[in-house]
Amino acid sequence: MERREEQPGAAGAGAAPALDFTVENVEKALHQLYYDPNIENKNLAQKWLMQAQVSPQAWHFSWQLLQPDKVPEIQYFGASALHIKISRYWSDIPTDQYESLKAQLFTQITHFASGSKIVLTRLCVALASLALSMMPDAWPCAVADMVRLFQAEDSPVDGQGRCLALLELLTVLPEEFQTSRLPQYRKGLVRASLAVEFGAVFPLLEQLLQQPSSPSCVRQKVLKCFSSWVQLEVPLQDCEALIQAAFAALQDSELFDSSVEAIVNAISQPDAQRYVNTLLKLIPLVLGLQDQLRQAVQNGDMETSHGICRIAVALGENHSRALLDQVEHWQSFLALVNMIMFCTGIPGHYPVNETTSSLTLTFWYTLQDDILSFEAEKQAVYQQVYRPVYFQLVDVLLHKAQFPSDEEYGFWSSDEKEQFRIYRVDISDTLMYVYEMLGAELLSNLYDKLGRLLTSSEEPYSWQHTEALLYGFQSIAETIDVNYSDVVPGLIGLIPRISISNVQLADTVMFTIGALSEWLADHPVMINSVLPLVLHALGNPELSVSSVSTLKKICRECKYDLPPYAANIVAVSQDVLMKQIHKTSQCMWLMQALGFLLSALQVEEILKNLHSLISPYIQQLEKLAEEIPNPSNKLAIVHILGLLSNLFTTLDVSHHEDDHEGSELRKLPVPQGPNPVVVVLQQVFQLIQKVLSKWLNDAQVVEAVCAIFEKSVKTLLDDFAPMVPQLCEMLGRMYSTIPQASALDLTRQLVHIFAHEPAHFPPIEALFLLVTSVTLTLFQQGYHPTPTCMMELLHTSQCPLLPVTP
């Protein structure tokens, strides 16, 4: 077996240079890989060994590395090398050596049946790869032959060892098929062959699993083998006996995990829905696990409850449509749904006390979709049955969404808090989806519960309960149009009655108000009920995200009803900005909110508020412009420029609307007088130029400057016209000195909006020609700073009035 001339694949060995891939060198490299403390030496050894595995010499040294006197690490490398050669270089093996190679692998597997398990597995994978390459023509009954050979009584290995080796081989065969590199046409042939050969495997597995004398290690291996084979889409009806045996094995703690995996894999096969009779037989088996599930929950056995839940969800989620179609069996399916409901509402807080409930959420989407997909008459029947179930689901989900006590939550890790946040988002998405089934009655249900909770004098309510109900409202209002709901006025009236003593509750109050901002725009008389809460929350850094985002939504949706409150909003906002309560991103949102707010005021009022709002920043920018550039004042400059650009992003005294006759935007009549944004920009233009003169080589500062003008242009459109000549001149100087991508982007915006206006043609043409000339010179010098921006600019310039430089 070890003679070099007899090794499979040896015929092609002389074609490659004779590298020094000897047994001795391979062993030295392996020793270096495992035991050398120097990481560079390890990396070199690994690289060399990878070359050795694919070399022609691997056919020779791999067998020698499998000798009984070698340590498992060396034997494992030898087995892995064989697998790589067989799976990747099958075409190198002469056909007359197939049988010899097969026999050698069987022999080695027999030897290792009572040896190292990791080496045995790699040898089984190698033989599986060989079988897949030979099937169906060169080895038509591969699986049956494997079973027959390992059942032979003349083997020196004991029966249990042979049995485990055979099961390992049968387990890795489908797995190897799934990951094999077989050509597509070959894969289809082999799959068809394996689909027939399961008949040689399942009777053996059934016998071993049902045999009382089978040791636990054998039964566990049987379950894993079954789990592997069902992924080849074996007909579900042919799996019935093994599935039933796997359900019985769930009572054995050592076999529990393997049984769950096998059952879930069998149930989840796409083809399984064709076998409705088998699916109906599975429902009683799943329902029979309820006592075991409740006992596990009572004992805090999360693994068992998780496993049983996986089985119930796999059956319900994958086959709800098929099972709903069996109208005469509606009660048994409803019992399964109620079992999944128990799993959704499993006691404890996710993810600290339980990790099961999250598995069930997709099921409720699937069930609802299937019910609503029926024709009207059948849908009405199922709605009558399942609407109460979905109302119960809402109660369960809101209970699961509740925060733990402050003390308990304080002990949670940051990772657990993040998982809980994501879990609540999933619950929010589910509630939003459930609204399609329950409609306006869902909002009424939530409102009634919140009203009773806040007005009851009998017993004190927990903030967690209040927060969860509000969270339910928020989840629906964020995505569903609630403008015609008759309960929202009552909800707005209840919000000020909430005793806010907790950050989480305050956050949810803020987000709920924000979700109702469109409703407030249609019912402006109610704004004063909630606006004071939002302005008060602005001063709390812990409520930064929720309070600022809510104010922004209110200012965007309700701006024409906010003038009476404008002075107060600006004053509070200015105060928190000066105190630097919020992080940079929230400061930017706040400036956007103020932009929306000021847009609805008279021009004189806008200018007055702008002067009050931005004067401190302009004064600070003037001081910074005098200083020598350094990282500290750079951050301050970028921050101030960012505040201005975000303010000008939303500050627009005119209205835009879509022109249905074309794709361009058009404006409604503009109020009399200069545009406030243009007035401010003209006032600070020299200061901005001064800042640029010192920071022109800093891309971040240049980008921040360009952002002010670019966002203003996008917002104001034609109203930006008075700024065009001086901005074009500044851009030309900037780009000529140090070309920057942000300057190209701003140039593109100007060309796009103003190149078609004869009045603005000269400065736009001059800027375009200059930028083009500078950029082409850079290209010719082999420097390509922003080719994409330049191509977009050239594309934008295709208008009759503007010649394109060739």
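Rank L182, L66, H306 by how far each Cα sits towards the positive end of the charge dipole of the chain (+1 on Lys, Arg Cβ; -1 on Asp, Glu Cβ) and give me just the farthest.
L66
Arrange the residues Y382, Y461, Y435 by how much accessible surface each exposes, largest first, with a 1.4 angstrom probe.
Working: Y382 15, Y461 70, Y435 40 Å².
The residues order as Y461, Y435, Y382, largest area first.
So how much accessible area does D745 have, in Å² to the nearest 10, using a 1.4 Å probe?
Counting only protein heavy atoms, D745 exposes about 40 Å² to solvent.
Taking all protein chains as present, what is the carbon and sulfur share of the accessible area of region 59-148, in % to the nearest whole number, probe 1.4 Å?
On the way: 1780 of 3270 Å².
Carbon and sulfur atoms account for 55 percent of the accessible area of region 59-148.
Which helices count as membrane-span-like in the chain under these terms: full DSSP H, at least 24 Å along the axis by C-alpha, Kyte-Doolittle mean of 1.0 or more?
Numbers: long enough: 117-134 (25 Å, 1.72); 159-179 (30 Å, 0.40); 184-210 (38 Å, 0.43); 302-324 (30 Å, 0.23); 376-400 (34 Å, -0.13); 414-438 (35 Å, -0.48); 603-626 (32 Å, -0.06); 631-650 (29 Å, 0.89); 676-695 (28 Å, 0.94); 699-716 (25 Å, 0.89); 761-780 (28 Å, 1.45).
Result, helices passing both filters: 117-134, 761-780.
Using a 1.4 Å probe on the protein chains only, how many percent of the accessible area of region 673-767 belongs to carbon and sulfur? Provide the component values of the computation, followed by the final result.
Details: 1850 of 3540 Å².
Of all accessible area on region 673-767, carbon and sulfur atoms account for 52 percent.
K579: which aspartates and glutamates have alpha carbons under 18 Å from its alpha carbon, excluding same-chain residues fewer than 8 sequence positions away?
Reachable aspartates and glutamates: E542.
List the relative contact order of the chain as a percent without decimals, with contacts defined as Cα pairs under 8 Å and 6+ residues apart.
Working: 898 pairs, mean separation 37.6, N = 806.
Once divided by the residue count of the chain, the mean separation gives 5 percent.
How about K552: which lysines have a C-alpha closer than 17 Å to its C-alpha, ignoring those fewer than 8 places off in the same chain?
Partners found: K583.
Which is farthest toward the positive dipole end of region 489-616 among V503, A521, L551, measuring Cα position about the Cα centre, with Cβ charges +1 (Lys, Arg) and -1 (Asp, Glu)?
Value computed over the given set: V503.
Quote the accessible area belonging to I476 in square angstrom, nearest 10, computed with a 1.4 Å probe and with ligands, DNA and RNA left uncounted.
0 Å²
In region 275-499, carbon and sulfur make up what percent of the accessible area (probe 1.4 Å)?
Details: 4880 of 9870 Å².
The C+S portion of the solvent-accessible surface of region 275-499 is 49 percent.
What 222 nm value per residue comes from the helices of the chain, counting each DSSP H run with n ≥ 4 as -39,500 (n - 2.57) and dividing by all residues, nearest 500 deg cm²/dmol?
Values: 37 runs with 561 residues, N = 806.
Mean residue ellipticity, 222 nm, calculated: -23000 deg cm²/dmol.
For T304, T455, T22, T179, what's the largest-to-smallest order of accessible area, 1.4 Å probe? List each step's numbers first, then the result.
On the way: T304 20, T455 80, T22 50, T179 105 Å².
Sorted by accessible area, descending: T179, T455, T22, T304.
What does the charge dipole of region 275-499 about its Cα centre add up to, to the nearest 20 debye, if the Cβ of each Lys and Arg holds +1 and the Cβ of each Asp and Glu holds -1? Mind dumping the intermediate values first?
Values: 13 positive and 29 negative charges, 59 e Å.
Around 280 debye, computed over region 275-499.
In debye to the nearest 20, how big a dipole does region 224-350 give about its Cα centre with +1 on each Lys and Arg Cβ and -1 on each Asp and Glu Cβ?
Values: 6 positive and 14 negative charges, 50 e Å.
Magnitude of the dipole: close to 240 debye.
Towards the positive end of the charge dipole of the chain, with charges on Cβ (+1 Lys, Arg; -1 Asp, Glu), say which of M432, Q220, I618 has the farthest Cα.
Looking along the dipole axis, the top candidate is I618.
Using +1 on the beta carbon of Lys and Arg, -1 on that of Asp and Glu, and nothing else charged, what's the dipole of the chain about the Cα centre, debye to 20? Don't skip to the answer; put the middle values down first.
Details: 51 positive and 88 negative charges, 269 e Å.
For the chain, the charge dipole is close to 1300 debye.
Using alpha-carbon pairs under 8 Å, 6+ residues apart, how would you state the relative contact order of region 275-499 in percent?
Working: 178 pairs, mean separation 38.8, N = 225.
Relative contact order here is 17 percent.
Express in Å², to the nearest 10, the accessible area of R421 obtained by rolling a 1.4 Å probe over the protein heavy atoms while all chains stay in place.
120 Å²
Could you order Y484, Y735, Y350, Y34 by accessible surface area, starting with the largest, using a probe radius of 1.4 Å?
Result, largest first: Y484, Y34, Y350, Y735.
Pairs to check: K608/K690; K28/K85; K187/K281. Give those whose C-alpha atoms are more than 27 Å from each other in this structure.
On the way: K608/K690 25 Å; K28/K85 21 Å; K187/K281 33 Å.
Pairs exceeding 27 Å: K187/K281.
Can you give the convex hull volume of the alpha carbon atoms of the chain per residue, in Å³? It would help to have the intermediate numbers written out before the result.
Working: hull volume 214.5 nm³, N = 806.
In the chain, the Cα convex hull volume per residue is 266 Å³.
When the Kirkwood radius is taken over all Cα pairs of region 275-499, what Stokes-Einstein diffusion coefficient follows at 4 °C and 1.567 mPa s, in µm²/s? Walk me through the intermediate numbers first.
Working: Rh = 18.9 Å.
This corresponds to a translational diffusion coefficient of 69 µm²/s.
Rolling a 1.4 angstrom probe over the protein heavy atoms, how many square angstrom per residue are accessible across the chain? Each step should come with its number before you reach the end.
On the way: 36360 Å² over 806 residues.
For the chain, the per-residue accessible area is 45 Å².
The values are calculated or read from the model by the stated rules, or taken from the named source; none is laboratory data. This structure is a prediction, so every number in the text was calculated from the model and none was measured. Please note: Cβ atoms are built from the backbone with ideal geometry, for glycine as well, and neighbour counts cover all protein chains shown. We work out accessible area using only protein heavy atoms, side chains counted, and drop any ligands, DNA or RNA first. Shrake-Rupley method; radii C 1.70, N 1.55, O 1.52, S 1.80 Å.
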